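Worksheet: the structure to be examined is printed underneath.
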Amino acid sequence: MVYDDVETAARAELRELQSDRLRETVEHAYENVAFYREQFDEAGVSPDDVESIDDIERLPFTTKEDFRDEYPDGLFGVDHSAVRRIHASSGTTGKPKIVAYTDDDLEMWSHAMARTLYAAGVRPGDTVQNAYGYGLFTGGLGFHDGIESLGAGVIPTGGGNTPRQLDMLRDLNSDAICCTPSYCLYLAEAAEDRMMDISELPVSRAVIGAEPFTDPMRHEIERELGVKAIDIYGLSELVGPGVSVECDEAQDGLHVWEDHFYPEVVDPDTGEVLPEGEEGELVLTNLTAEALPAIRYRTGDITSLNYEECDCGRTMVRMDNVTGRVDDLLIVRGVNVYASQIEEAMVDIDDVAPHYRIDLHREEQLDTMHIRAERHEDADSTAEELEARIRERLLEVLDVKPDEIDVVDPGGIERSEVGKVKRVFDHR
């Protein structure tokens with residue numbers, strides 16, 4: 001069962017729709033965004049050269065640096081009088097990326113989010129607790145509008161105030177909660193501290209996103225909260241949450257809503273489009289945006305694409321879970337590794353909890369790595385035994401040799417109630 005018929009459309013039908021929408025998007029961007037007009041002219045391509053979706057590779061990329069160079073509104077495709085909402089990225093590594101929405105953009109977004117939540121198993125009439133932050137971050141309002149568009153009831157708790165979150169889950173019989181994966185685990189710990197029986201909570205699923213996470217961490221969430229944890233993906237530059245989602249039936253990759261967002265995977269170094277199944281950097285084009293027609297945006301997220309039809313019947317391509325970011329690649333003494341790979345290797349060890357911290361330093365021209373992991377509350381192993389097992393596992397699986405590994409007691413790693421959790425601290 002699907003929310004929209006287009007989710008099961010034949011590939012030929014879908015590509016025809018994508019081709020029509022790409023032509024419209026390119027023409028709109030060329031006529032209304034000076035940045036794109038200059039980029040296309042420099043690349044020697046015009047809207048007349050785009051006849052089908054196959055021509056997308058002729059178009060230049062858009063990068064996060066372009067958003068910052070054109071700050072605040074140089075990428076807008078409409079006048080400010082037509083803008084109905086502004087959101088922005090956190091801007092932790094520079095100027096925030098400003099994104100805008102027209103009435104039609106907001107309608108498209110809420111519909112895409114309703115489709116996303118339906119695929120995740122949420123149904124009209126359900127009660128959904130939205131624990132994503134409201135404000136400039138796209139998560140809170142993106143989920144909120146989607147929940148209402150679906151016909152479900154929303155409890156707009158926002159981020160933080162964990163005791164209230166638990167009370168609302170219990171007292172208002174919430175069917176689902178939407179939040180980051182790290183906050184799911186924090187909720188489980190807080191419930192235990194309050195002597196609250198998790199089995200008393202009616203919530204049956206968690207729609208989680210905004211942070212990379214591994215399958216071992218997902219399994220921990222499902223075990224601790226007694227829910228089905230569904231992964232969702234999105235980013236402010238395209239629209240916010242609602243770009244792709246795992247289906248409730250298979251949980252085997254995230255379906256990209258290709259009628260709105262065209263995905264490619266490219267080699268991070270060369271920009272060459274990679275074939276199906278090969279891992280690289282995700283590139284997305286918004287095919288239906290008016291206020292911000294992002295074309296071939298390099299997300300920086302590492303994933304792969306799978307075009308095989310899913311068991312759920314949806315024909316839209318599936319992207320793998322994001323394994324890391326191009327700019328989060330850790331290079332320590334010549335070894336390339338992502339933090340998520342370290343997490344997966346460690347948490348796969350019995351008695352290691354899915355909480356960790358990585359500190360990188362440079363001492364006498366050499367890079368050093370210090371890993372702090374957390375012992376599971378039900379662990380039988382000692383800290384010393386787990387340190388040895390982690391060291392052996394990282395060397396065996398990733399050829400990584402941390403200079404120091406500390407295993408701390410349960411609760412020893414700092415938690416985050418609001419926003420995205422930070423795992424890597426680079427002091428170099």
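The values are calculated or read from the model by the stated rules, or taken from the named source; none is laboratory data. Bear in mind the structure is a predicted one, so any value in this text is a computation, not a measurement. All Cβ positions, glycine included, derive from the backbone under ideal geometry; neighbour counts span all protein chains shown. Surface areas here come from the heavy atoms of the whole protein model, side chains and all, with no ligands, DNA or RNA. Shrake-Rupley method; radii C 1.70, N 1.55, O 1.52, S 1.80 Å.
Among the residues of the stretch 134-163, those identified as within 20 Å of the chain's Cα centre (by Cα), within 21 Å of Glu107 (Cβ to Cβ) and open to solvent by less than 20 Å² (accessible area, probe 1.4 Å) are Thr138, Gly139, Gly140, Gly142, Phe143, Gly146, Ile147.
Going by the conditions given, is Ser182 open to solvent by less than 50 Å² (accessible area, probe 1.4 Å), within 30 Å of Ile98 (Cβ to Cβ), in contact (Cβ under 8 Å) with a residue 12 or more places away in the chain and part of a helix (DSSP H, G or I)? Yes: the conditions hold for Ser182.
Considered as a group, the residues in the stretch 316-348 that are modelled with pLDDT of 90 or more, outside any strand (DSSP E or B) and open to solvent by less than 20 Å² (accessible area, probe 1.4 Å) include one that is farthest from Gly411 (Cα to Cα), and that residue is Met316.
One residue stands out in the stretch 33-59 among those that are touching a residue at least 60 places away in the same chain (Cβ under 8 Å) and not acidic (Asp, Glu): the one that is surrounded by the most Cβ atoms within 10 Å (Cβ to Cβ), namely Tyr36.
Per this entry, His80 is counted among residues that are at pLDDT 95 or above and exposed (fewer than 13 other Cβ atoms within 10 Å of the Cβ). A single entry from Ala131, Ala119 fulfils the requirement of being surrounded by 24 or more Cβ atoms within 10 Å (Cβ to Cβ) and within 19 Å of Ser182 (Cα to Cα): Ala131. Remark: pairs (first residue in the stretch 394-408, within 20 Å of His376 (Cβ to Cβ); second residue part of a helix (DSSP H, G or I) and open to solvent by less than 40 Å² (accessible area, probe 1.4 Å); Cβ separation under 6 Å; 6+ apart in sequence or on different chains) = Leu394/Ala345; Val397/Ala345; Ile405/Ile390; Val407/Ala383; Val407/Leu386. Here Ala353 clears all of (1) touching a residue at least 40 places away in the same chain (Cβ under 8 Å); (2) part of a helix (DSSP H, G or I) except the condition numbered (2). Just checking, does the stretch 247-257 include any residue being of a type in the set (Gly, Ala, Ser), at pLDDT 95 or above and either in contact with a strand residue (DSSP E or B) (Cβ under 8 Å, 6 or more places away or on another chain) or open to solvent by less than 10 Å² (accessible area, probe 1.4 Å) (or both)? Yes, the stretch 247-257 has at least one match. Residue-level check: of (1) more than 20 Å from the chain's Cα centre (by Cα); (2) modelled with pLDDT of 95 or more, Glu308 misses just (2). When Arg115 is tested against (1) within 17 Å of the chain's Cα centre (by Cα); (2) modelled with pLDDT under 95; (3) not acidic (Asp, Glu), only condition (2) is not met. Kindly provide the set of residues from the stretch 126-159 that are assigned to a loop (DSSP other than H, G, I, E, B) and within 15 Å of Tyr3 (Cα to Cα), ordered by number. Scanning the stretch 126-159 gives Gly151, Ala152. Of the residues making up the stretch 1-30, those that are open to solvent by 50 Å² or more (accessible area, probe 1.4 Å), of a type in the set (A, V, I, L, M) and in contact (Cβ under 8 Å) with a residue 24 or more places away in the chain number 2. Exactly one residue out of Leu187, Leu106, Leu169 is farther than 29 Å from Thr214 by Cβ and either of a type in the set (Val, Ile, Thr) or part of a helix (DSSP H, G or I) (or both), and it is Leu106. Taking (1) buried (at least 16 other Cβ atoms within 10 Å of the Cβ); (2) touching a helix residue (DSSP H, G or I) at 6+ places or on another chain (Cβ under 6 Å); (3) of a type in the set (Gly, Ala, Ser) in turn, Gly74 satisfies each apart from (1). Among residues of the stretch 205-229 that are under 16 Å from Val347 (Cα atoms), those with a Cβ under 8 angstrom from a residue that is assigned to a loop (DSSP other than H, G, I, E, B), sequence gap 6+ or separate chain, pair up as Pro212/Asn321; Pro212/Val322; Pro212/Thr323; Phe213/Asn321; Thr214/Asn321; Asp215/Asn321; Pro216/Asp348; Ile221/Val227. Applying the set (1) in contact with a Phe, Trp or Tyr (Cβ under 8 Å, 6 or more places away or on another chain); (2) within 23 Å of Leu305 (Cα to Cα) to Cys247 leaves exactly one unmet item: (1).
The rows are residues; the columns are (1) of a type outside the set (A, V, I, L, M, F, W, C); (2) more than 26 Å from Asn32 (Cβ to Cβ); (3) outside any loop (DSSP other than H, G, I, E, B).
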site: Met217; (1), (2), (3): no, yes, yes
site: Val245; (1), (2), (3): no, yes, yes
site: Glu249; (1), (2), (3): yes, yes, no
site: His255; (1), (2), (3): yes, yes, yes
site: Gly277; (1), (2), (3): yes, yes, no
site: Ala291; (1), (2), (3): no, no, no
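Across the stretch 177-201, the number of residues qualifying as of a type outside the set (A, V, I, L, M, F, W, C) and within 26 Å of the chain's Cα centre (by Cα) comes to 6.
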